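Report on the following structure.
The values are calculated or read from the model by the stated rules, or taken from the named source; none is laboratory data. Quantities reported herein were computed from a predicted structural model and do not represent experimental measurements. Positions of Cβ are backbone-derived with ideal geometry, glycine not excepted, and every protein chain shown enters the neighbour counts. Remember, those area values only see protein heavy atoms, side chains included, never the ligands or the DNA or RNA. Shrake-Rupley method; radii C 1.70, N 1.55, O 1.52, S 1.80 Å.
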Amino acid sequence: MNLEAPIESVKGVGEVLKSNLNRLGVFTVGDIIDYYPKRYEDYSDIHKISSIKPGIVTIRAVIKQASSKYVRRGMNITEAVASDESGSVRLIWFNQPYRANSIKKDEEYFIRGDFGLRRGRLSILSPTLELVSDFPVHSARIVPVYKLTKGVKSSQIRTIISNLRNSVSLVEETLPTWIIENNKLVGRSEALFKLHFPDNAIDVENAKKRLGFEEIFQLSLASEFNKLDLTNEKAPIVKFDQELAKKFVSSLDFDLTNAQKKAVWQIYKDIQSTSPMNRLLEGDVGSGKTIVACMSAIMAVNAGYQVAIMAPTEILARQHLESFTSLLKPIKMHKSVSLLLGKTNKNDRSKLLKDLKNDKVKIIIGTTSLIQDIVSLNNLSLIVIDEQHRFGVDQRKKLMSKSHKVPHVLSMTATPIPRSLALTLYGELDITVIDEKPANRLPIATSLVSPNSIKQMYDRIKDELNSGRQAIIVCPVIEDSSDEVNSVEKVYLKLSKGEFKKYKLGLLHGKQHSKNKEEVMQKFSDGEINLLVTTTVIEVGVDVPNATVIAVLSPERFGLAQIHQLRGRVGRSHYQSYCYLVLSDSNSPSRRMRALATKSSGFKLSELDLEIRGPGAIYGTIQHGALDLRIANLSDVKLIESAKNSAKLFIENKEKLSNYPHLSDNVNKLRKITNFN
């Protein structure tokens with residue numbers, strides 16, 4: 001059947017099933033063939049009846065008799081007896097009266113179902129039946145299980161794909177022959193066939209390797225083409241001034257870490273070139289990325305250029321203003337820094353826009369207010385994007401377009417990303433990792449708290465508040481419901497009227513108006529709020545050195561990397577800080593929770609999260625949803641590096657993308673949604 005044929009042209013697909021399949025993104029024959037299983041169940045082990053044990057079993061037997069009867073109003077029971085040379089077993093179906101007449105007596109069937117004790121008799125409940133003479137679809141093989149939607153069963157998808165077995169061979173090859181041979185891959189049509197109809201685990205492994213390789217290869221090729229385009233652009237040259245760098249470093253009241261020094265030097269080398277810098281600065285919470293950004297900015301200003309720093313929230317933008325002003329004051333650059341926010345009043349905005357246009361303001365800090373059409377940055381040479389994954393591609397591109405030349409771009413993230421995931425998501429960026437913390441930072445003492453010990457935890461929090469410190473309690477949901485005891489609204493009301501009624505409490509969550517959120521955070525930053533009850537809206541960028549305690553309720557709901565981000569809201573001063581993870585029950589803590597109590601490295605935790613929960617747990621907020629990495633194993637660094645190397649060779653060999661239509665379509669789509677193209 002033609003791969004472009006509509007899905008309703010397949011036998012057994014009526015209007016209702018067609019509509020339900022459309023919700024899964026399945027519209028054509030090609031779509032259903034390209035619909036990957038999410039897991040497998042192995043029913044290839046066929047047992048003799050005499051050897052079966054309770055549980056899901058598969059037998060090969062002849063059905064000699066079958067009958068159906070109504071035992072009470074609305075209840076029908078169909079019974080049959082299946083036999084092989086070793087014995088017999090009873091089969092039972094409820095409310096399936098058609099079974100008795102549809103069974104072909106004395107024919108051999110593959111029978112799969114749940115074997116166990118039913119009303120004092122051993123039987124197989126609600127088994128599937130497939131004639132041995134037919135191709136087995138639901139039994140007697142490694143059976144694929146698919147992601148479903150309402151109105152669609154895995155058995156229906158298996159049946160449809162089984163009816164299209166011969167059409168799989170129509171799938172065209174999408175990769176060059178030399179790539180397939182060099183990487184020892186199976187062909188695309190073979191991979192798809194083995195994915196749906198594997199004979200063994202090796203078939204599944206080879207199919208996933210081929211299709212996963214292709215996903216990473218396409219993404220890597222898109223990145224390589226973007227990189228190539230960028231090298232053809234010319235960026236402003238920012239000359240390195242050694243005396244200025246020494247002057248700045250000597251003005252600090254702390255020593256730079258080796259990781260910070262290395263990061264700064266890499267950036268200085270980048271911005272001295274006409275090739276635009278496109279670097280990701282990845283640093284754990286509290287590792288000192290702001291200092292690196294500031295040292296990058298002073299070189300651009302010293303060379304006569306402007307710098308734009310874009311932050312995802314107004315509170316974070318204000319914190320950057322305070323940090324930059326303080327850091328630049330000793331070298332007399334602080335007056336060149338300004339802040340542009342959505343709430344900046346009309347008169348101040350008008351003057352600021354004029355000063356920006358006339359190059360009087362050298363460092364402008366703001367939110368997405370910076371990308372407004374009325375903002376003119378004629379002399380822009382460096383862009384710093386903080387928490388870059390919080391911004392869309394179009395927003396980042398619009399800020400870049402403010403410059404007559406392509407500016408150097410420094411992206412920053414506090415989300416530790418495993419190497420394999422970073423290689424995949426940020427293929428066109430140079431990556432710098434700050435993996436050290438400043439010397440004066442004490443490790444955050446992390447404890448697991450059972451529900452029975454919450455009162456003692458509250459007492460410890462009160463001790464910190466009575467010492468003049470501040471605390472944060474993080475809840476998993478906003479509104480109260482019957483199954484959510486830790487909603488932020490309920491916890492706030494309970495604590496403000498109970499344990500903490502003598503203290504000043506603040507409430508913060510994502511459904512509040514942005515103005516209210518900013519006011520609450522400003523009060524917390526100013527010390528007017530002792531205890532902040534919040535959701536994960538607090539997760540990134542909030543820097544309140546006086547906050548020394550954070551308690552996360554129901555931490556099982558969050559990824560390890562996310563909890564580590566939350567933990568990083570404290571421990572930002574010389575005070576000893578504490579993180580309490582309040583478990584939902586008194587059962588033995590999971591491996592993930594135990595890891596949080598013993599590991600302080602965000603990178604190690606993110607590796608564990610990738611292993612246990614997959615990439616979504618680490619980067620659930622990423623802007624790359626359309627990347628569609630459906631099957632690639634992002635823990636497989638070897639596969640990722642092979643795919644990336646093949647992408648580089650594709651370009652070095654001057655292969656024409658137009659010779660591979662399917663590959664060309666996918667790569668061009670990916671180029672539009674990867675970082676800075």
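Quick one: dipole size for the chain, taken about the Cα centre, charges +1 on Lys/Arg Cβ and -1 on Asp/Glu Cβ, in debye to the nearest 20. Intermediate results must be reported in sequence, preceding the final value.
Values: 96 positive and 75 negative charges, 305 e Å.
It works out to roughly 1460 debye.
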Tell me, what is the 1.4 Å probe accessible area of L122, in Å² to the nearest 10? 100 Å²
Could you calculate the contour length gain from E8 to S126, that is, 0.36 nm times the residue separation minus the distance between their Cα atoms, to one decimal place in nm? 39.6 nm
For Cα extents along the principal axes in Å the list reads [x] 83, 61, 53; [y] 96, 69, 43; [z] 85, 57, 55; the calculated value is entry [y]
How do W178, W93 stack up against each other in accessible area, from largest to smallest, with a 1.4 angstrom probe? W178, W93
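For the pair V145 and N668, what calculated FRET efficiency results from E = 1/(1 + (r/R0)^6), where r is the Cβ-Cβ distance and R0 = 22 Å, to the nearest 0.05? Intermediate values should be presented prior to the final figure.
Values: r = 33 Å, r/R0 = 1.51.
Once rounded, the FRET efficiency stands at 0.10.
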Return one number: the angle in degrees, 0 to 90 and rounded to the nearest 10, between the long axis of the Cα atoms of helix 661-673 and the longest principal axis of the Cα atoms of the chain. 40 degrees
When the scattering of region 87-218 is computed by the Debye formula from its Cα atoms alone, each counted once and equally, what is log10 I(q)/I(0) at q = 0.14 Å⁻¹? -0.79
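Let me have the 222 nm mean residue ellipticity of the chain computed from DSSP H runs of 4+ only, each contributing -39500 (n - 2.57), with the sum over all residues rounded to the nearest 500.
Numbers: 23 runs with 251 residues, N = 677.
Here the helix-only value at 222 nm equals -11000 deg cm²/dmol.
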Compactness summary of region 254-389: radius of gyration and Dmax from Cα atoms, Å, are 14.5, 44
So for R0 = 35 Å, FRET eff. of D114-L493 from the Cβ-Cβ r, to 0.05, ends up at 0.15
Once phi is turned into θ = phi - 60°, what whole-Hz ³J(HN,Hα) does the Karplus curve with 6.51, -1.76 and 1.60 give for every residue of region 342-353, x standing for Gly and Pro? x, 8, 4, 5, 4, 5, 5, 4, 4, 5, 5, 4
Rough spin-label spacing in nm, given labels placed 7 Å along Cα→Cβ, for V249 and D45: 6.3 nm
Would you kindly state how much longer the chain becomes between V81 and I202 on full extension, computed as 0.36 nm times their sequence separation minus their alpha carbon distance, in nm to one decimal? 40.0 nm
Out of region 251-283, which chymotrypsin sites (Phe, Trp or Tyr not before Pro) are coil in DSSP terms and have no more than 11 other C-beta atoms within 10 Å? F254
Taking amide H positions as placed 1.01 Å from N in the peptide plane, with prolines and chain starts having none, which residues 5 or more places from I529, or on another chain, fall under 5 Å of its amide H? F524
Helix 258-271 versus the longest principal axis of the chain: what is the Cα-based angle in degrees, 0 to 90, to the nearest 10? 80 degrees
Roughly speaking, what is the centre-to-centre gap between region 179-203 and region 347-396 when only Cα atoms are used, to the nearest Å? 50 Å
Per residue, how much accessible area does region 372-453 have with a 1.4 Å probe, in Å²? 37 Å²
Could you work out how far apart the two model spin labels at V393 and M1 are, taking each label as a point 7 Å from the Cα in the direction of the beta carbon, and quote it in nm? 3.4 nm
Ignoring ligands and nucleic acids, what accessible area does R591 show with a 1.4 Å probe (Å², nearest 10)? 120 Å²
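Using a 1.4 Å probe and counting only protein heavy atoms, arrange K18, K604, K150 so the residue with the most accessible area comes first.
Numbers: K18 50, K604 130, K150 170 Å².
Ranked from most to least accessible, the order is K150, K604, K18.
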Quick one: helix 242-251 against the long Cα principal axis of the chain, what's the angle to the nearest 10°, folded into 0 to 90? 90 degrees
If each residue of separation counts as 0.36 nm, what is the full-extension length gain between K53 and N452 once their alpha-carbon separation is subtracted? 139.5 nm
For the chain, with all protein chains present and a 1.4 Å probe, just round the carbon and sulfur fraction of the accessible area to a whole percent. 48 percent
Name the residues whose placed amide hydrogens come within less than 5 Å of the amide hydrogen of V549, ignoring near sequence neighbours (fewer than 5 apart) on the same chain. Q470, I472, Y578
Could you tell me the largest-minus-smallest coordinate of the C-alpha atoms of region 555-598 on each of the three principal axes, in descending order and whole angstroms? 35, 18, 16
Can you pull the accessible area of H47 for me, 1.4 Å probe, Å² to the nearest 10? 60 Å²
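DSSP loop (so not H, G, I, E, B), at most 16 other Cβ within 10 Å: list which GluC sites (Glu not before Pro) in region 118-199 pass both filters. If you can, show how the numbers build up before the last one.
Working: sites: E130, E172, E173, E181, E190; in loops: E172, E173.
Answer in residue order: E172, E173.
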Amide H to amide H, which residues 5 or more places from D42 or on other chains are under 5 Å from it, using H placed in the peptide plane? V143
Among all the lysines, which ones have a C-alpha under 18 Å from K405's C-alpha, if same-chain residues fewer than 8 places away are not counted? K227, K234, K239, K357, K362, K397
A student applying the Cα gyration tensor rule (rounded when a/c is under 1.5; otherwise prolate if a/b is larger than b/c, oblate if not) would label region 422-523 prolate
In Å², what does the accessible area per residue of region 1-72 work out to with a 1.4 Å probe? 60 Å²
Estimated translational D of region 1-101 in µm²/s (Stokes, Kirkwood radius over Cα pairs; 37 °C; 0.692 mPa s): 190 µm²/s
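Compute the signed sum of charges (Lys and Arg +1, Asp and Glu -1) over the other residues within less than 10 Å, Cβ to Cβ, of D636. Don't skip to the end; give the middle numbers.
Details: positive: K208, K209, K638; negative: E641.
Around D636, the charge tally is +2.
Quick one: if the Förster radius is 25 Å, what FRET efficiency do D359 and S401 give, using the C-beta to C-beta distance and rounding to 0.05? Walk me through the numbers on the way to the answer.
On the way: r = 18 Å, r/R0 = 0.72.
Efficiency for this residue pair is about 0.90.
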Summing +1 per Lys or Arg and -1 per Asp or Glu among the other residues with Cβ less than 12 Å from A308's Cβ gives +3
